[in-house]
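A quick write-up on the structure given underneath.
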Amino acid sequence: MYKFYFNSSIKIIDDIWQVGGSDITESGDASVYLVCFKNQAAVIDAGCGKGHEQLVENISACLPENVELSHLLLTHCHYDHTGGAESLRKQFGCKVVCHELDAIYLEKGDNNTTAASWYGAEIQPFPIDIKIRQPITKLYFEHGEILAYHSPGHSPGSVVYMVEKEDKTILFGQDIHGPLHSMLLSNREDYLNSLKLIMELNADILCEGHFGIFRGKNEVRQFIGSYLVS
Ligand SMILES: [Zn+2]
Ligand SMILES: [Zn+2]
C-alpha cells in the first residue's frame, strides 16, 4: 500500500531547518539539519536510515527550487547519525563529508565503533567523498561557507559545524552531551578540551543531536558548561 508523507520539518531561522530527528522522522534518528545557501545546500547528519522516506519528503519540501543539495556533512560515525547517509547520497547525489578519524569506521562498516551494534543494527560500509584532516576546515559553497572544527572526545573524529546567518552564529554540535565509552574509543581529556573550544565559539544558536535547539548565548553556554565537569 502506498504511504503518504507530509512535511514534518521545523524552521529554525531563515534558510535553516530541522528535517529529521526522533520526533520528526524515526525514533532511532539523531537530529538532521538542512542549511540552504543561494543555490547549494547542506544536510548535517543523516539519521539511521529507517526514516528515509520521511526525511526525503522533509528535505524536498524545504529545499527551494533550483537549490542543489550538494553536501552531507557528518558530525561523527555513530549509526544514529550516519545509517541513512548512503541512501541520501543516492537520492540527492550529494558529497559525503566526515573527519578522517571517523571515516575509517564507516568505510570498514565497523558495527562496534559506529555503535550500530547498540541499536541491534548493522552498518553497511560506504565511502567518504571528502575527508576532514585539519583542526579547522572551511567548506566552500557557491554563496556561503561552513566551518568544521575537529572536536574529538565522544569519538576520535567528532566535528562541530558552524555557520553565520542573519548576524547569528549557528553551531551544529551533535553529541556534545557524550556519552563517553571505551567501545566508541572515547577520550575524556579530549572531550573536555573540545567542550572548552566549542564554548569559545560563542554561538547564538546550538542545534544538538538529541537535546534539541538552544537559543541565546546564555542558554548555549549553560548547556555546554553542564558537561564541563572534571
Ligand atoms: Zn554519537
Ligand atoms: Zn547520537
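Tabulated data for the structure shown
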| read-out | value |
| --- | --- |
| Selection within the range 108-121 - open to solvent by 50 Å² or more (accessible area, probe 1.4 Å) and in contact with a helix residue (DSSP H, G or I) (Cβ under 6 Å, 6 or more places away or on another chain) | 112, 119 |
| Residues of the range 97-117 classified as outside any strand (DSSP E or B) and touching a residue at least 60 places away in the same chain (Cβ under 8 Å), total | 3 |
| Of all residues making up the range 73-107, the number that are open to solvent by less than 10 Å² (accessible area, probe 1.4 Å) and away from ligand 2 (no atom under 16 Å from the Cβ) | 5 |
| Close pairs from the range 79-92: first more than 16 Å from ligand 1 (Cβ to nearest atom), partner outside any loop (DSSP other than H, G, I, E, B), Cβ under 6 Å, at least 6 apart | 87/52; 88/72; 89/96; 91/56; 92/69 |
| Any hit, the range 120-136, residues being within 26 Å of residue 201 (Cβ to Cβ), within 12 Å of ligand 1 (Cβ to nearest atom), out of contact with any Asp or Glu (no Cβ under 7 Å at 6 or more places or on another chain) and not in a strand (DSSP E or B) | no |
| Test: residue in the range 168-186 that is acidic (Asp, Glu) and open to solvent by 30 Å² or more (accessible area, probe 1.4 Å) | no |
| Checking residue 62 against (1) closer than 26 Å to residue 132 by Cα; (2) of a type outside the set (Gly, Ala, Ser); (3) touching a Phe, Trp or Tyr at 6+ places or on another chain (Cβ under 6 Å), the condition it does not meet | (1) |
| Among the residues listed as 46, 42, the single one being under 19 Å from residue 173 (Cβ atoms), open to solvent by less than 10 Å² (accessible area, probe 1.4 Å), touching a Leu at 6+ places or on another chain (Cβ under 9 Å) and assigned to a loop (DSSP other than H, G, I, E, B) | 46 |
| Test: residue in the range 25-37 that is modelled with pLDDT of 95 or more and in contact with a Pro (Cβ under 9 Å, 6 or more places away or on another chain) | yes |
| The range 196-218 - residue that is assigned to a helix (DSSP H, G or I) and either among the hydrophobic types (A, V, I, L, M, F, W, C) or free of Cβ contacts under 8 Å to residues at least 12 places away in the same chain (or both) and, of those, most open to solvent (accessible area, probe 1.4 Å) | 200 |
| So residue 76, is it part of a helix (DSSP H, G or I), within 20 Å of residue 150 (Cα to Cα) and within 16 Å of ligand 1 (Cβ to nearest atom) | no |
| Every pair of residues 6+ apart whose Cβ atoms lie under 6 Å, when the first sits in the range 125-153 and is open to solvent by 30 Å² or more (accessible area, probe 1.4 Å) while the second is of a type in the set (Ser, Thr, Tyr) | 136/149 |
| Of the criteria (1) open to solvent by 20 Å² or more (accessible area, probe 1.4 Å); (2) away from ligand 1 (no atom under 16 Å from the Cβ), which one residue 36 fails | (1) |
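The values are calculated or read from the model by the stated rules, or taken from the named source; none is laboratory data. None of these values were measured; they are calculated from a predicted model. Cβ atoms come from the backbone with ideal geometry, glycine included; neighbour counts cover every protein chain shown. Protein only, heavy atoms only, side chains kept; ligands, DNA and RNA dropped before computing areas. Shrake-Rupley method; radii C 1.70, N 1.55, O 1.52, S 1.80 Å.
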